[in-house]
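Reading through the structure tokens given below for one structure.
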Amino acid sequence: DVKVTQSSRYLVKRTGEKVFLECVQDMDHENMFWYRQDPGLGLRLIYFSYDVKMKEKGDIPEGYSVSREKKERFSLILESASTNQTSMYLCASTPVGDTYEQYFGPGTRLTVT
Amino acid sequence: RKEVEQDPGPFNVPEGATVAFNCTYSNSASQSFFWYRQDCRKEPKLLMSVYSSGNEDGRFTAQLNRASQYISLLIRDSKLSDSATYLCVVLEYGNKLVFGAGTILRVKS
């Protein structure tokens, strides 16, 4: 069974703080993704990575950065958290060439106050 | 205009009912389509792919109409356990998935 884990289920941070969201997968998948999910908007792609040290911007990268130093780990960084980044953040992974079946982590509900 | 649009619902149906959801997509060049299911407070999971010829998996049938750019999901003999949000998903150029906002289904006894 593929397992994707995220460091926290719930997180509360203050405006201006630097926030790290960690995602780890145990199936040796090459591709990893970060989404945010908001009511009425669905999942929106923030960043993705097809390999170690490689990253690509998704549809809404502003205010975010990512890091992929190891194949199994993909980190999302909010450089200076703002209230409009309050959301559910979901990480996903897939093997190479098979991006349609994405395996998601349980999500991190981030609240920025 | 959203790339993938769905009726948010909720669809409230009794057990045993047949229910259908539609989804429209804006990019006529899109090639691959899927339905994902997301239970309350859980992560999305792939339910089924949608092929041009249509496909069936037990009580679930998915259809694609390329001319009208819509995708449908039919659930027959609804069960309480079918209650979830159903996400319409399109695979775009660059192997990126574009998700609809989802349709909520509530099956009641």
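A few remarks follow.
- Number of partner chain Cβ atoms within 10 Å, mean per residue of B:44-56: 2
- Karplus-based coupling profile of the range A:61-66, in residue order and whole Hz: x, 4, x, 10, 9, 9, with θ = phi - 60° in 6.51 cos²θ - 1.76 cosθ + 1.60 and x standing for Gly or Pro.
- Distance between the 7 Å Cα→Cβ label points at A:K71 and B:N27: 2.8 nm.
- Residue-wise HN-Hα coupling along the range B:45-55, computed from phi with Karplus coefficients 6.51, -1.76, 1.60 (Hz; x: Gly, Pro): 9, 4, 9, 6, 7, 10, 9, 4, 7, x, 8
- For chain B, taking a cut-off of 4.7 Å between Cβ atoms, the unpaired cysteines are B:C40.
- Loop GluC sites (Glu not before Pro), the range B:1-64 (other Cβ atoms within 10 Å of the site Cβ: 13 or fewer; DSSP): B:E15
- Interface A:B - total buried accessible surface [probe 1.4 Å, Å², rounded to 100]: 1500 Å²
- 5 angstrom amide H check on B:M48, placed H, neighbours 5+ away: B:W35
- Rounded percent of accessible protein surface that carbon and sulfur make up, chain A, 1.4 Å probe: 49 percent
- The calculated Kirkwood hydrodynamic radius for the protein assembly as shown is 18.1 Å, given to one decimal from all distinct C-alpha pairs.
- Separation of alpha-carbon centers, the range A:20-42 and the range B:62-82, rounded to whole Å: 26 Å
- Distance-filtered residues of the range A:74-113 - backbone nitrogen under 14 Å, label point 7 angstrom along A:E17 Cα→Cβ: A:78-83, A:85-87, A:109-113
- Loop-located chymotrypsin sites (Phe, Trp or Tyr not before Pro) in the range B:1-91 (DSSP state other than H, G, I, E, B) with a sparse environment of at most 14 neighbouring Cβ atoms within 10 Å: B:Y51.
- Overall, chain B carries a charge dipole of about 160 debye about its Cα centre when +1 sits on the Cβ of Lys and Arg and -1 on the Cβ of Asp and Glu, all other atoms neutral.
- Inter-chain neighbour count for A:90-101: the average number of beta-carbon atoms from partner chains within 10 Å of each residue's beta-carbon is 3.
- Area of B:M48 that stays accessible when all protein chains are in place (1.4 Å probe, Å², to 10): 10 Å²
- Relative contact order %, chain A, counting alpha carbon pairs below 8 Å whose residues are six or more apart: 36 percent
- Computed from backbone phi with θ = phi - 60° and the Karplus coefficients 6.51, -1.76 and 1.60, the 3J(HN,Hα) list for the range A:101-109 is 9, 8, 9, 9, x, x, x, 10, 8 Hz; x is used for glycine and proline.
- Cleavage-rule hits, GluC sites (Glu not before Pro), the range A:38-113, DSSP coil, Cβ neighbours within 10 Å at most 12: A:E62, A:E79
The values are calculated or read from the model by the stated rules, or taken from the named source; none is laboratory data. Bear in mind the structure is a predicted one, so any value in this text is a computation, not a measurement. Cβ sites come from the backbone with ideal geometry, for glycine too, and all protein chains shown count toward neighbours. Side chains included, ligands, DNA and RNA excluded: accessible areas come from the protein's heavy atoms. Shrake-Rupley method; radii C 1.70, N 1.55, O 1.52, S 1.80 Å.
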